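Have a look at the structure below before the remarks.
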Amino acid sequence: MTTTLTPGPATAPAPAERPSAVTPADLKNAGARRRERSARVKLRVGGVCTLLVVLPVLLASVLPLPGPDEQDLAERRLPPLSAGHLFGTDQLGRDLLSRILHGGQTSLMIGLLAIVVSGLIGIALGAAAGFFGGWVDAVVSRLLEAQLSLPLLLMLLLVVALFGPSIPVITAVIAIAQWPEVARLTRSLVLVERGKPYVAAATVLGLRRVSVLTRHVVPNVLPQATLVVLLLLAQAVLLESALSYLGAGPERPFATWGRIISDGQDYITTSWWLVTLPGLFIVLLVVGVNLLGDGLRDRTRRPRGLVRRVLSRKPQEA
Amino acid sequence: MATYIAKRVGQSVLTLFLTITTVFVLLRLAPGDPAAAYAGPNPTTEDLERIRAQFGLDDSILVQYGTFLKGLVTGDLGTSFSFQAPALDVVLERLPYTITLAVSAIVVTALVAIPLGVWMARRADTAKEFGANLLTITGQSMPDFWSGIMLLTVFAVVVPVFPASGFTSWGGLVLPTLTIAILQIALISRMVRREMSTNMAAPYLTVARSRGVGERALTWRYAMTNSAIPVLTALGTRFAAMLNGVVVVEVVFAWPGVGSLVVRALETRDYPLIQATVLVTAALTVLVQLLIDLAYPLLDPRVRLAKTAKQKTAPAVAAPEGALA
């Protein structure tokens, strides 16, 4: 099962007695191989970028850093690389790196929770709409369309103003903003799967419709749906930072990235690092996640090992 | 055709009505007293009550909703608390700025993103395309408020080429446009590349090539015309979203459009102003979407609006990718 299947031409080098016009160099430059190479590069670069942000953020409380809320008015707005402050300090003398890392924990947690929620809602509703059709589809599709014509960011700001900028509220708001994308994709994938013979076979064998959907159809669309959900993590982090920037982000326990940037904006002419460095953190993380998603989508070979088991799980019983 | 338009307009009006009602209810549920926001520091109870009575906030929600609906029919959206002027007028005064910004951003986006996407599709899987790909990924990964501040710092503070904020001269349009365009170019060009790659691998293109059609015509006349609908839909959806106010960018550049207006209105709990902004921008958005749908048959003779109304909505729904302006 784990023997790798390299794409056709590569496994069969031209036998010496019958020389082929296709040289090894041609094989190496063939479109599929090049795509595979670029997918590999994307996966690696994306992985490195993501880890560069995620690891320090996870280790924030272990690393030897000053507390994120420790003020020292004598050490205000120190430039980066000052003694004891790798990223410098902010307008209240707080260590910028420590603030970025601790704020990142909140940002990441909100992002992850949001995509789990939006993924679950989106896949469930999208799959139901695509599989059952009829009024279920009508309701879900109208909901999707209605949300498209709403002034989204404004609604999000409104809801945050209504329920207060707590972490659950912001998570819910981001999930609400994102579920349509998952639902749309899942619905269209399920529409394709529904017409395939195995669905008819399962129905003929006497499986209930719900079981056909959950045991056979959903596992087949999960890999692609999961990929979109992963890409949504990037969107969620961006959205959370935009909300924070507009003053609708969580304040507790620590200010998140968008908030740090909007606080630093007042000092941009004298202290460039207060805005630039947190922004670079966001960019690095989002680029990393986007590259990972792209790489996973582009790769021609089926993923091996753990990734494969997660992404292309087969139903347990046929 | 006429029935189709009538049906779509009817749907749009219903959408608008639901939107504005949602906003109305959400606003009335929200904590925070507009009277307190308006009265200034240390108001007395009488002050607050007087202000509430003046704004009609002491009525029950149902009565307020009735008044609101009555005003809606006559085109009176109430008086803005903070501007002390008809809310509709305040919004309409700001609207041209947002439209200017949205138009210039979408024009720049289209001019750059379409050729870039086509170029990437024709150079698919080369090192150059890979580089362009990385650039677009970076472009779509930057938070717009951050890239805005960065552009502002470099081109308005360090090298003062453009004005830093507001709309004092046409030069003030450059930086906000750029900020929006960076993100949109990244998204749209990737989409153009995807569409073009699909069409360039299609059998009809091979047939045309074998009949001796030149590469330039193959790209622009054959593949592009078939990619036109999804591309136009994406551009239109983006444009419509921008009309809702490119909130973040307007705040960064202190742009006097509806986006920054609405943030301020939310802070001061200026109910009529929020409602008016939502209604006007949502109406514009719906209108733009309707125009896009009407343009389909012009681009693709196979599309018949009235009959295939159901299929036609498919591209419109599938388009946006991270559609948050």
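The values are calculated or read from the model by the stated rules, or taken from the named source; none is laboratory data. Given the structure is predicted, the values throughout are model-derived calculations rather than measurements. Calculation scope for accessible area: heavy atoms of the full protein, side chains included, ligands and nucleic acids excluded. Shrake-Rupley method; radii C 1.70, N 1.55, O 1.52, S 1.80 Å.
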Rounded to whole Å, sorted largest first: equivalent-ellipsoid semi-axes of region B:7-90, Cα gyration tensor: 28, 14, 11
Ranking by accessible area, most exposed first, for B:R28, A:R77 with a 1.4 Å probe: A:R77, B:R28
Chain A: most fluctuating residue of A:D266, A:D90, A:D298 per GNM, C-alpha cutoff 10 Å: A:D266
Amide proton proximity set for A:S82, modelled H, under 5 Å, gap of 5+: A:G88
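Quick one: grab the alpha carbon gyration tensor of chain A, order the square roots of its eigenvalues as a ≥ b ≥ c, and give me rounded if a/c is under 1.5, else prolate or oblate depending on whether a/b is larger than b/c.
oblate
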Kirkwood Rh, angstrom, region B:187-237 [1 / mean 1/r, Cα pairs]: 11.2
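Once you have the alpha carbon radius of gyration of the protein assembly as shown, what is it after dividing by 2.2 N^0.38 Å, with N set to its residue count?
Working: Rg = 26.7 Å, N = 643, 2.2 N^0.38 = 25.7 Å.
Computed over Cα atoms of the protein assembly as shown, the ratio equals 1.04.
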Cα long-axis angle, helix A:273-298 against chain A (0 to 90 degrees, to the nearest 10): 0
Which of A:W273, B:W220 is most accessible, then next, and so on - probe 1.4 Å: B:W220, A:W273
Estimated vicinal HN-Hα couplings, Hz - region B:277-287 in sequence order (Karplus 6.51, -1.76, 1.60; Gly, Pro = x): 4, 4, 4, 5, 5, 5, 4, 4, 4, 4, 4
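Take the solvent-accessible surface of the protein heavy atoms, probe 1.4 Å, and return the percent of it on the protein assembly as shown that carbon and sulfur atoms account for.
The value for the protein assembly as shown is 66 percent carbon and sulfur by accessible area.
Need one number: convex hull volume per residue for chain B, Cα atoms only, in Å³.
Numbers: hull volume 52.7 nm³, N = 325.
Measuring per residue, one finds 162 Å³ for the Cα hull of chain B.
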For region B:256-264, 3J(HN,Hα) per residue [Karplus equation, 6.51 cos²θ - 1.76 cosθ + 1.60, θ = phi - 60°, Hz, x = Gly/Pro]: x, x, 6, x, 5, 4, 6, 4, 5
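For A:F163, A:F254, give me the order by solvent-accessible area with a 1.4 Å probe, most accessible first, ignoring ligands, DNA and RNA.
Working: A:F163 135, A:F254 50 Å².
Accessible-area ranking of A:F163, A:F254, largest first: A:F163, A:F254.
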Note, ³J(HN,Hα) from phi for region A:91-107, Karplus 6.51, -1.76, 1.60, rounded to Hz, x at Gly and Pro: 5, 10, x, 8, 5, 5, 4, 4, 5, 4, 5, 5, x, x, 4, 5, 4
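Please give the contour-minus-distance gain from A:V204 to A:S82: 0.36 nm per residue of separation, less the Cα-Cα distance, rounded to one decimal in nm. Before the final figure, lay out each step's value.
Working: separation 122, 0.36 × 122 = 43.92 nm, distance 7.22 nm.
Length gained, A:V204 through A:S82: 36.7 nm.
Kirkwood-based Rg over Rh for region A:16-59 (C-alpha set), two decimals? Present the calculation step by step, with values, prior to reporting the outcome.
Numbers: Rg = 18.3 Å, Rh = 13.2 Å.
Across region A:16-59, the Cα-based Rg/Rh ratio is 1.39.
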